[in-house]
1. Would you pick out the residues in region 65-76 that are within 20 Å of the chain's Cα centre (by Cα) and either outside any helix (DSSP H, G or I) or among the charged types (D, E, K, R) (or both)?
2. Mind telling me which of the residues 287, 301 ends up being in contact with a strand residue (DSSP E or B) (Cβ under 9 Å, 6 or more places away or on another chain) and more than 20 Å from residue 86 (Cβ to Cβ)?
3. Looking for whichever is in the same structural domain as residue 283 (by TED's automatic domain parsing), touching a Ser or Thr at 6+ places or on another chain (Cβ under 9 Å) and among the charged types (D, E, K, R) here; the options are 198, 206. Which one fits?
4. Provide a single number: the residues in region 285-306 that are crowded, with 24+ Cβ neighbours inside 10 Å and out of contact with any helix residue (DSSP H, G or I) (no Cβ under 8 Å at 6 or more places or on another chain).
5. Which residue out of 341, 373 is part of a strand (DSSP E or B), in the same structural domain as residue 202 (by TED's automatic domain parsing) and not β-branched (Val, Ile, Thr)?
6. Mind checking which residues of region 99-122 are surrounded by fewer than 20 Cβ atoms within 10 Å (Cβ to Cβ) and within 16 Å of residue 179 (Cβ to Cβ)?
7. Of everything in region 77-98 that's among the polar types (S, T, N, Q) and either touching a residue at least 60 places away in the same chain (Cβ under 8 Å) or part of a helix (DSSP H, G or I) (or both), which residue is surrounded by the fewest Cβ atoms within 10 Å (Cβ to Cβ)?
8. Out of 175, 131, 201, report the one residue that is more than 26 Å from the chain's Cα centre (by Cα) and among the β-branched types (Val, Ile, Thr).
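The values are calculated or read from the model by the stated rules, or taken from the named source; none is laboratory data. This structure is a prediction, so every number in the text was calculated from the model and none was measured. Note: ideal-geometry Cβ built from the backbone for every residue, glycine included; neighbour counts use all protein chains shown.
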Amino acid sequence: MAKQQVLVLGAGQLARMMSLAGAPLNINISAFDVGSEQIVHPLTGNVIGHGLNNAIAAADVITAEFEHIPHSILDICEQSGKFLPTTQAIKAGGDRRIEKQLLDDANVANAKYAIINTRDDFNQAIQTVGIPMVLKTALGGYDGKGQWRLTEPQQADSIWNKISASLEVNPQQAIVAEQFVSFQREVSLVGARNAKGELAIYPLAENVHVNGVLSLSVAIDEPELQAQAEQMFTAVAEQLNYVGLLAIEFFDVQGQLLVNEIAPRVHNSGHWTQQGAEVCQFENHLRAVCHLPLGCTKTIRPTAMVNILGQDSLPDAVMNMPQCHVHWYGKEKRPGRKMGHINVCAHSREELTLNLRQLASVLDPAAFPELQHHIEQL
């Protein structure tokens, strides 16, 4: 197979893992650091070029590892005719207003919502969406940031003061008010779609968050819920004419799914596929955007993913566990930062629970809060 050059907008861990997955397929990855406008090697971080136009000229395909990319950069990439999935998809992932309209257009169930730009909009949202509600910035905000909860009418003035500050900082900003959904759990689905409209969808994962950040993700086998998720995934992917790997997070409300949000890229909750699926999410994204046949998404063994947050080392006992696989991101240590993840495998679901318990027993509880508790709840 001829060597292909893929430019990834963004130089973080997802570009890093795409590079590792692409090398065996003769796909070479370079990463464009959106902040510095430098072209860097996704594994070493070494600067290998400068300027977006130079990076585009050298690429066969352009894709993205995150959604919050300036529209000016996306527009330049779109003009090249090399960008996949689509700039519309990336913009939808980075702006909750566009995302909500997309879900409505695809006729996919999601929480009742309203767009807030003024105090009058806020007051109207209280009437139409109702209390309790969750308020989220339309632009920016991730891992629980840029969000507030309004649970009592008397909180309205205080909450408005907080969200109006966000509106003042950025004239392009808005607030999306969502009905508070009483859900049993969050699940997510990752899958790939190619230019022919063919799909390769992975099993659902059940997700556990601590302080708004994904802590634990476990692949599950629930056919009825899987079928429902795949129908919604297909509707969104076709609405976008999507090419690449797409992730959708859902609220499970007593067996009925509501879309929480979409991520037009490889996703944290799909990291388990590196050890748990025949072909991982990173390889399938590259296969899709490089117009190669999609790979098998079959689960080959029960697998879970544990995020490593704010830590740059682990006890040696973790490496001694034969079914634990550590993936570091090469980042400088910072509190709460995603530094890496651990994929835990097993021959059965029961053994997976035992292996997760064993892992939790050797990890620092302060660095992995509530992990043991959540394992028992799965």
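1. 65, 66, 67, 68, 69, 70
2. The match here is 301.
3. Numbers: 198 fails: touching a Ser or Thr at 6+ places or on another chain (Cβ under 9 Å).
Selected residue: 206, the only one of 198, 206 that is in the same structural domain as residue 283 (by TED's automatic domain parsing), touching a Ser or Thr at 6+ places or on another chain (Cβ under 9 Å) and among the charged types (D, E, K, R).
4. 2
5. It is 341.
6. The answer is 104, 109, 112, 115, 121.
7. Ranking the qualifying residues of region 77-98, first place goes to 79.
8. Details: 175 fails: more than 26 Å from the chain's Cα centre (by Cα); 201 fails: more than 26 Å from the chain's Cα centre (by Cα).
Selected residue: 131, the only one of 175, 131, 201 that is more than 26 Å from the chain's Cα centre (by Cα) and among the β-branched types (Val, Ile, Thr).
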